[in-house]
Amino acid sequence: MKLLQFTSLTLLLSLTTLNANAQSGKERGSGSQVSAMQTAIVAETALTSIEGAAEAETATPANDLAYNDTSREKSKGGPNKSDGPKKKKKKPVEVVEQPEEDFSPAPNENYFARQIVNNALQFEGVRYRGGGTTTAGMDCSGMVYATFKMFDWTLPRSSASMADGAGREVDLKEVRIGDLLFFDNSPYKKRINHVGIVTEVTETGEVKFIHATLSHGVAISSMNDNYYIRTFVQANRVIED
């Protein structure tokens, strides 16, 4: 606004000066046309300056606009303020570890015998391999041998030797978990050639045992099966109370 007032004052002074010069020219009678032309040029130049000053006064610089926009953003909380809903902070979940309970055998059940059975059950599904004692393959006496060996208990390697030298013989009606069952399933040789470990005796008296079979590998069978009743020879108790 001050620039516009200054420019208008300058124009007024210029016109006054030129008008005086024009009057003087008329008195001299020469150069009057030149003075009139100069007056017109100066007037046009001054008018242009006034218009430019007016535009400069009314125009808003781009930088000022940007600054104003930024100021508005800051007044609203800054340009980085998120318009979305505020996320709730998740509360940390407290994990309470329950103490592990010690294994407790069933009533009238030997603790070590239960451990033997549990380890033998880990071999269930292992394929049959003659002479094998590992999870790559095992035969019947190899499975029994490997199970007891986990507890540094070394049994004879063959089923016949186990029947003669491992534990004492008991009646089939008195067997309990961990006892060994021996069979003769050879139609040509009448001798013990198969062995298994008793895993369960039900309330009805059914005896279940784990052993390595040719067709199914390590599996659980029942003494209620006529085949095993027919081929059964003896039962031995290796683990005493």
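The values are calculated or read from the model by the stated rules, or taken from the named source; none is laboratory data. Predicted model only: the values in this text are computed from it and were never measured. FYI the Cβ positions are ideal-geometry reconstructions off the backbone, even for glycines, and counts take in every protein chain you see. To get the accessible areas, we keep the full protein, side chains included, count just its heavy atoms, and leave off ligands, DNA and RNA. Shrake-Rupley method; radii C 1.70, N 1.55, O 1.52, S 1.80 Å.
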Calculated P(r) tail over 18 Å for the range 132-196, as whole % of Cα pairs: 38
Computed FRET efficiency, Cβ-Cβ of Q122 and T202, R0 22 Å: what is it to the nearest 0.05? 0.50
Taking θ = phi - 60°, what integer Hz values does the Karplus form 6.51 cos²θ - 1.76 cosθ + 1.60 yield along the range 170-181, in sequence order, with x for Gly and Pro? 10, 6, 4, 6, 9, 5, 9, 4, x, 6, 9, 10
Potential lengthening between E240 and E109 on full extension [0.36 nm per residue; Cα-Cα distance subtracted]: 46.1 nm
Taking a crude spin-label model, label points 7 Å out from Cα along the C-beta direction, the S215 to T135 distance in nm is 2.7
May I ask you to rank K149, K173, K208 by accessible area, largest first, using a 1.4 Å probe over the protein chains only? K173, K149, K208
Quick tally, 1.4 Å probe accessible area for S158, S186, sorted with the most first, runs S158, S186
Around T213, which amide H atoms from residues at least 5 apart in sequence, or from another chain, sit under 5 Å from its own amide H, with H modelled in the peptide plane? V218, A219
In order through the range 209-226: 3J(HN,Hα) via Karplus (6.51 cos²θ - 1.76 cosθ + 1.60), integer Hz, x for Gly, Pro: 9, 10, 7, 9, 10, 5, 8, 10, x, 6, 8, 9, 10, 10, 6, 6, 6, 4
